[in-house]
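**Q** This is the structure, below, for whatever I ask next.
Laboratory data are not the source of any read-out in this text; all were calculated from the coordinates shown. This is a predicted model, so every value here is computed, not measured. Positions of Cβ are generated from backbone atoms using ideal geometry, with glycine treated the same way; all protein chains shown enter the neighbour counts.
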Amino acid sequence: MSIIRIEKLVKNYENNGLLVPAVRGVDLSIERGEFSAIAGPSGSGKTTLLNLIGGLDRPSEGKVFVGESDLTALTPKELSDLRLRKIGFVFQAYNLIPVLTAMENVEYVLLLQGVDKNERANRSAAMLREVGLEKEMDRLPREMSGGQQQRVAVARAIVSEPDIVLADEPTANLDQKTGESLIDLMHRLNHEKKITFLFSTHDPMVMHRAERLVHIIDGHIDSDERKGSGRAPAKKKAPGKGKKGATKSSQGKARR
Ligand SMILES: Nc1ncnc2c1ncn2[C@@H]1O[C@H](COP(=O)(O)OP(=O)(O)O)[C@@H](O)[C@H]1O
Ligand SMILES: [Mg+2]
């Protein structure tokens, strides 16, 4: 069973009385353990799509399943519980709480989950060590580099041991080398902890490193390719371009 399943997803925003279609009928399935990226130019709908998958926003039409849960059928309380247990989110601009240290930022998720104090401290410290920040635990976000802050954001996203990490342009504010080491880190977590990663990006390095690349243009899927890790991507159009995007049968199975 797919860990994420999207059916006929549509999201329209309203802007000064005008309808802005951001996602225009997307079908997509992500399998457990995948290391995938949604790539597309600015304004193509990447953030909107990730927010819908992560339950941070509600679709105008269509369905989003995470595991067996239909997000569109959940109450706000059920949705936030599911988010807390199953989904880690890494934002483009890190979104750390400025008055909390690295450690406190990571612990905060566990606090929301009701984990007791000792376990919170142990798990958060272990997570920060895992992302190479053992020396920075007591620093405030403003006392860390962009790369370090993004590592804290990754630690925060995975400390609750979610099934899925959604990362919205995680390397956008990082230099090439720092971005690459962040992807190395996430790739290792993908392998070791079997966490499913779904990025949005327009960074060629991230597109290259992703094991599956879904191109989105103007709110619909333009192509969907699975590739061996590390291999240079070869662009190929998926069937059904423009309308349905990738369905189960068009996810490039033959291209493995
Ligand atoms: N809150 C919003 N209100 C109105 N329009 C929005 C809002 N968020 C995004 N949009 C519009 O939806 C489209 C997709 O945006 P977005 O998902 O942010 O794209 P991307 O992340 O690929 O840059 C764009 O046309 C954008 O202007
Ligand atoms: Mg965006």
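**Q** Mark the label point 7 Å from the Cα of LYS8 along Cα→Cβ and return the residues of segment 54-74 whose backbone N is within less than 12 Å of it.
**A** The answer is 61-63, whose backbone nitrogens lie closer than 12 Å to the label point.
**Q** Something else: Provide the packing ranking of 18-25, 199-206, i.e. peptides ordered by the mean count of other C-beta atoms within 10 Å per residue, highest first. Please report the intermediate quantities before stating the final value.
**A** Details: 18-25: 16.1, 199-206: 20.8.
Per-residue Cβ counts within 10 Å, averaged per peptide and sorted highest first, yield 199-206, 18-25.
**Q** To the nearest 20 debye, what is the magnitude of the charge dipole of the chain about its Cα centre, counting +1 on the Cβ of each Lys and Arg and -1 on the Cβ of each Asp and Glu? Please report the intermediate quantities before stating the final value.
**A** Working: 40 positive and 34 negative charges, 212 e Å.
That gives a dipole near 1020 debye.
**Q** Any idea how far the Cα center of segment 127-204 sits from the one of segment 1-76, in Å?
**A** Here the two parts' Cα centres lie 23 Å apart.
**Q** Just want to confirm a number: the relative contact order over the chain, from Cα pairs under 8 angstrom separated by 6+ residues, in percent.
**A** Averaging sequence separation for qualifying contacts and normalising by length gives 26 percent for the chain.
**Q** What per residue convex hull volume, in Å³, comes out for the chain when only alpha-carbon positions are used?
**A** Values: hull volume 33.7 nm³, N = 256.
Spelled out: Cα convex hull of the chain, divided by residues, is 132 Å³.
**Q** If you average the sequence gap of Cα pairs under 8 Å that are 6 or more apart and divide by the length of segment 55-189, what percent do you get for the contact order? Walk me through the intermediate numbers first.
**A** Working: 158 pairs, mean separation 43.7, N = 135.
Taking the mean separation of contacting Cα pairs over the length of segment 55-189, I get 32 percent.
**Q** Whole-Hz Karplus ³J(HN,Hα) for segment 147-154, in order, using 6.51 cos²θ - 1.76 cosθ + 1.60 and θ = phi - 60°, x for Gly and Pro?
**A** x, 5, 4, 5, 5, 4, 4, 5
**Q** Now for a separate question. Of the residues ALA157, ALA39, ALA126, which exhibits the maximal mean-square fluctuation in a Gaussian network model of the chain defined by a 10 Å Cα contact cut-off?
**A** Residue with maximal mean-square fluctuation among ALA157, ALA39, ALA126: ALA126.
**Q** For segment 144-192, report the % of Cα-Cα distances exceeding 17 Å.
**A** Values: 317 of 1176 pairs.
When all Cα pairs of segment 144-192 are counted, 27 percent exceed 17 Å.
**Q** Something else now. Let me check against my output: what whole-number percent is the relative contact order of segment 1-97, with C-alpha pairs under 8 Å and at least 6 apart?
**A** Values: 129 pairs, mean separation 29.2, N = 97.
The value is 30 percent.
**Q** Can you tell me the order of 108-118, 93-103 when each peptide is scored by its average per-residue count of other Cβ atoms within 10 angstrom, highest first? Please list the in-between numbers first.
**A** Numbers: 108-118: 13.7, 93-103: 16.8.
Peptide ranking by packing, descending: 93-103, 108-118.
**Q** Additional query: Could you work out the equivalent-ellipsoid semi-axes for segment 40-109, taking the square root of 5 times each eigenvalue of the Cα gyration tensor, largest first, in whole Å?
**A** Details: eigenvalues 117, 66, 15 Å².
Equivalent ellipsoid of segment 40-109: 24, 18, 9 Å, largest first.
**Q** Out of THR171, PHE197, VAL109, whose Cα points farthest toward the positive end of the dipole of the chain (charges: +1 Lys, Arg; -1 Asp, Glu; placed on Cβ)?
**A** Going by the charge dipole, the pick is PHE197.
**Q** Size of the dipole of segment 109-151 about the Cα centre, Lys and Arg at +1 and Asp and Glu at -1 on the beta carbon, nothing else charged, in debye to 20?
**A** Details: 8 positive and 7 negative charges, 13 e Å.
Approximately 60 debye in magnitude.
**Q** Let me ask you something else. Assuming 1.567 mPa s and 4 °C, estimate D for segment 1-133 with Stokes-Einstein, Rh taken as the Kirkwood radius over Cα pairs, in µm²/s.
**A** On the way: Rh = 16.9 Å.
Roughly 77 µm²/s, to the nearest whole number.
**Q** For segment 116-174, just say rounded, prolate or oblate: build the C-alpha gyration tensor, square-root its eigenvalues into a ≥ b ≥ c, call rounded for a/c under 1.5, and beyond that prolate if a/b exceeds b/c, oblate if not.
**A** Working: a/c = 2.43, a/b = 1.20, b/c = 2.03.
Because a/c hits 1.5 or more and a/b fails to exceed b/c, segment 116-174 counts as oblate.
**Q** Okay, moving on. Helix-only estimate, please: 222 nm mean residue ellipticity of the chain, summing -39500 (n - 2.57) across DSSP H runs of length 4 or more and dividing by its residues, to the nearest 500. Present the calculation step by step, with values, prior to reporting the outcome.
**A** Working: 7 runs with 81 residues, N = 256.
Only helices count here, giving -9500 deg cm²/dmol.
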